[in-house]
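Single-structure report; data block below.
The values are calculated or read from the model by the stated rules, or taken from the named source; none is laboratory data. Values in this document were obtained by computation on a predicted structure and should not be read as measured data. Every residue, glycine as well, gets a Cβ built from its backbone with ideal geometry; the counts of neighbours run over all protein chains shown. For the accessible areas, the whole protein counts, side chains as well, though only heavy atoms, and no ligand, DNA or RNA atoms are used. Shrake-Rupley method; radii C 1.70, N 1.55, O 1.52, S 1.80 Å.
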Amino acid sequence: MAFTEEGRRRVVIEGVKPEIDAGRFPIKRTVGESIIVEADMFTDGHDALSGVLQFRKKGAKKWSEVPMEFLVNDRWRGEFTVTELGRYQYTLQAWVDHFKSWARDLVKRVEAEQDISVDLLIGATMVEDAATRAKGRDATKLNDYAKNLRARAEEAVKQALSADLTTLMDRYANRELATTYHRTLEVVVDPERARYSAWYELFPRSTATEPSRHGTFKDVIKRLPYVASLGFDVLYLPPIHPIGQSYRKGKNNNVVSQPGEPGSPWAIGSEEGGHKSIHAELGTVEDFHELVAQARELNIEIALDIAFQASPDHPYVKEHPEWFLSRPDGTIQYAENPPKKYQDIYPFYFETPKWKELWEELKSVFVYWIEQGVRIFRVDNPHTKPFDFWEWLITDIKRDYPETIFLAEAFTRPKVLYQLAKLGFTQSYNYFPWRNTRWELEEFLTELTQTEVQEYLRPSLWPNTPDILTEYLQVGGRPAFMTRLVLAATLGACYGMYGPAFEFGDNQPLAVGKEEYLNSEKYEIKVHDLDRPDSLKDMIARVNHIRRGNPALHFNERIRFHNVDNEQILAYTKTTKDLSNIVLVVVNLDPHYTQSGWVDLPLEELGINLEEPYQVHDLLDDARYIWTGPRNYVELRPHTIPASIFLVRRRVRSERNFDYYQ
């Protein structure tokens with residue numbers, strides 16, 4: 001057996017968390033968030049250890065570091081904060097701390113009234129060694145401490161164990177034989193909207209106020225105050241590109257379109273252009289620039305749909321036929337999901353020998369729209385494109401534009417969904433629309449927020465999309481929409497909705513057993529009366545106002561579910577780390593009947609005295625209740641408001657000797 005490179009290194013570092021797939025993928029954070037790192041660090045024998053957590057902005061030469069703190073059973077913890085967009089790196093270093101071992105044993109010897117004269121000399125030698133690594137005043141102080149130890153001065157033991165000397169010895173520790181963790185791990189740091197945002201989706205062509213007129217970007221600008229009044233900060237637009245004529249789909253996805261029917265925006269490309277062009281009836285590039293600017297005035301970011309597919313009329317088809325798969329009869333393979341056929345769409349052929357050119361061109365689509373002012377993208381069906389492609393593209397773009405956000409529209413198998421998040425997608429669609437029972441919701445959200453998944457996947461919860469009208473919404477009526485609104489907006493820090501279908505409670509399916517909308521907006525232009533009396537717009541605005549005013553709802557990881565003696569009621573709290581903001585959400589999952597039950601709260605975990613009353617203030621209807629003890633009664637009527645969003649306030653005694661709640 002050959003000698004190791006440095007056999008005198010005695011510390012083992014393992015069990016590092018967070019670490020995704022042995023360091024293959026980075027974790028995710030947003031600016032201002034902290035990373036808590038834990039690891040098992042130990043050595044042979046009984047020597048004491050010291051360790052540091054090292055971190056730096058990727059590309060920087062020097063590491064910053066913070067000390068690791070011992071927890072229990074050889075487990076250590078450190079924490080640092082990320083302050084800039086981009087990528088950070090972190091690793092660990094630990095060493096046998098001979099001075100710490102010496103000081104620990106010195107205490108024992110003094111307590112046993114043993115002769116410590118030689119021990120003081122040993123300590124002096126270590127302090128002198130540290131002085132050689134120090135400079136200026138610190139070096140002088142260390143040498144003075146060493147002299148006192150060698151002189152066996154009366155105060156020598158007291159000085160040897162002083163906090164000042166301990167600090168200096170930590171600062172100038174001998175790390176010649178330190179063990180550095182064998183992996184350098186990474187963190188992708190995104191803007192706050194990556195962690196906390198509310199999305200609203202609309203079709204620009206349906207924003208006109210006159211029947212039969214195609215909406216424009218100028219009409220969308222007029223719609224911005226409405227979106228802002230609802231409390232959304234991201235406005236997501238389906239594809240805005242020219243739409244193909246060949247095999248254009250008609251109303252309700254009919255394979256034959258009638259004259260004047262607009263087709264699906266996802267059938268991208270015509271003689272007018274492709275992915276870097278704008279559908280002429282929407283307006284010009286200058287109009288789009290004005291939309292982006294006007295939205296930002298209202299603190300709204302425009303998100304664009306990027307769908308990598310082409311209509312048969314797309315310029316790519318003529319200019320680069322090698323980017324598509326040809327069939328034996330000479331025709332191009334259109335998109336299929338048997339038995340469904342999408343003759344109006346050609347998928348790109350990623351196994352083409354010209355794959356490098358294809359990758360570069362598709363990347364340039366993102367870059368083009370970034371140059372037009374867009375920083376948020378919803379990516380259509382990323383799970384049907386190669387994983388390596390997405391990792392390359394997202395990494396490349398975020399190196400130059402670290403503020404860019406990518407939302408993966410991937411309703412797919414769990415491992416594929418998680419892989420896309422690991423590869424770089426900032427947010428992810430997920431299975432929330434189909435999780436309806438208490439058990440399903442608790443299990444699913446616990447998986448997303450309390451396991452390793454929360455380090456790399458940010459769920460975006462959508463109760464509906466233009467493609468998804470769930471059975472729950474179809475049969476539950478208005479109460480179902482209110483319930484799913486509260487769940488999406490409070491279970492997740494990121495959520496969205498497809499409107500105005502959602503606020504209008506549109507729930508007519510194409511057919512029984514189908515999740516497609518009847519008369520879907522994907523295939524026709526609609527005119528919407530935003531002032532409909534049955535609209536949920538006021539409740540949506542109220543819920544988004546509650547979200548903004550309560551920091552506990554801006555994060556996912558501090559969610560906890562609580563027992564209720566009724567399976568039709570879901571109860572959970574979200575809190576800030578310092579418990580200054582506690583939000584309790586109680587939801588009736590039954591859209592048809594009133595449900596009641598007793599909610600059990602862990603008051604001690606919430607920082608509430610078991611003997612003291614506390615106030616729960618329902619932010620939805622402004623009702624206030626005084627509760628006492630961990631078990632309290634709730635009753636929720638689905639046809640009024642099927643949920644309560646309680647702000648929990650503790651009782652406080654004022655200086656003037658009266659009680660109030662805060």
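Brief remarks on what is shown
- Every test in (1) touching a strand residue (DSSP E or B) at 6+ places or on another chain (Cβ under 7 Å); (2) farther than 30 Å from Val255 by Cβ is passed by Gln372 save one, and that test is (1).
- Flag for Thr594 being open to solvent by 10 Å² or more (accessible area, probe 1.4 Å) and closer than 20 Å to Arg650 by Cα: no
- From Ala194, Ala146, Ala103, Ala208, residue being modelled with pLDDT of 95 or more and assigned to a helix (DSSP H, G or I): Ala194
- Selection status of Ser246, touching a helix residue (DSSP H, G or I) at 6+ places or on another chain (Cβ under 7 Å), of a type in the set (S, T, N, Q) and surrounded by fewer than 23 Cβ atoms within 10 Å (Cβ to Cβ): no
- With respect to being acidic (Asp, Glu) and open to solvent by less than 60 Å² (accessible area, probe 1.4 Å), Asp138 fits the description.
- The range 331-347, residues that are in a loop (DSSP other than H, G, I, E, B) and either open to solvent by less than 60 Å² (accessible area, probe 1.4 Å) or in contact (Cβ under 8 Å) with a residue 40 or more places away in the chain (or both): Thr331, Gln333, Tyr334, Gln343, Asp344, Ile345
- The range 550-571, subset within 27 Å of His639 (Cβ to Cβ) and outside any loop (DSSP other than H, G, I, E, B), residue most open to solvent (accessible area, probe 1.4 Å): Phe561
- Residues within the range 353-382 that are open to solvent by less than 20 Å² (accessible area, probe 1.4 Å), out of contact with any His (no Cβ under 9 Å at 6 or more places or on another chain) and not in a helix (DSSP H, G or I), tallied: 6
- Here the range 512-529 is the region considered, the condition is being out of contact with any strand residue (DSSP E or B) (no Cβ under 9 Å at 6 or more places or on another chain) and crowded, with 16+ Cβ neighbours inside 10 Å, and the residue that is farthest from Ser644 (Cα to Cα) is Ile525.
- Complete set of residues in the range 30-64 that are within 17 Å of Lys100 (Cβ to Cβ) and open to solvent by 40 Å² or more (accessible area, probe 1.4 Å): Phe42, Asp44, Gly45, His46, Asp47
- Taking the range 587-632 as the region of interest, the strands (runs of 3 or more DSSP E) fully inside it that hold 2 or more residues being under 23 Å from Arg438 (Cα atoms) and touching a residue at least 12 places away in the same chain (Cβ under 8 Å) are 595-600, 613-618.
- The number of residues in the range 241-263 that are of a type outside the set (D, E, K, R), touching a Ser or Thr at 6+ places or on another chain (Cβ under 9 Å) and assigned to a loop (DSSP other than H, G, I, E, B) comes to 8.
- If the condition is being basic (Lys, Arg), more than 33 Å from the chain's Cα centre (by Cα) and either at pLDDT 90 or above or surrounded by 13 or more Cβ atoms within 10 Å (Cβ to Cβ) (or both), then the range 605-662 contributes only Arg651.
- Any hit, the range 543-556, residues being modelled with pLDDT of 95 or more and more than 19 Å from Leu620 (Cβ to Cβ): yes
- Single residue of Leu291, Leu325, Leu282, Leu298 found to be of a type in the set (A, V, I, L, M, F, W, C), within 34 Å of the chain's Cα centre (by Cα) and open to solvent by 70 Å² or more (accessible area, probe 1.4 Å): Leu298
- Among residues of the range 277-299, those that are in a helix (DSSP H, G or I) and of a type in the set (Val, Ile, Thr), counted: 2
- Looking across the range 176-189, just one residue is open to solvent by 70 Å² or more (accessible area, probe 1.4 Å), within 19 Å of Glu14 (Cα to Cα) and either at pLDDT below 95 or of a type in the set (D, E, K, R) (or both), and that is Arg183.
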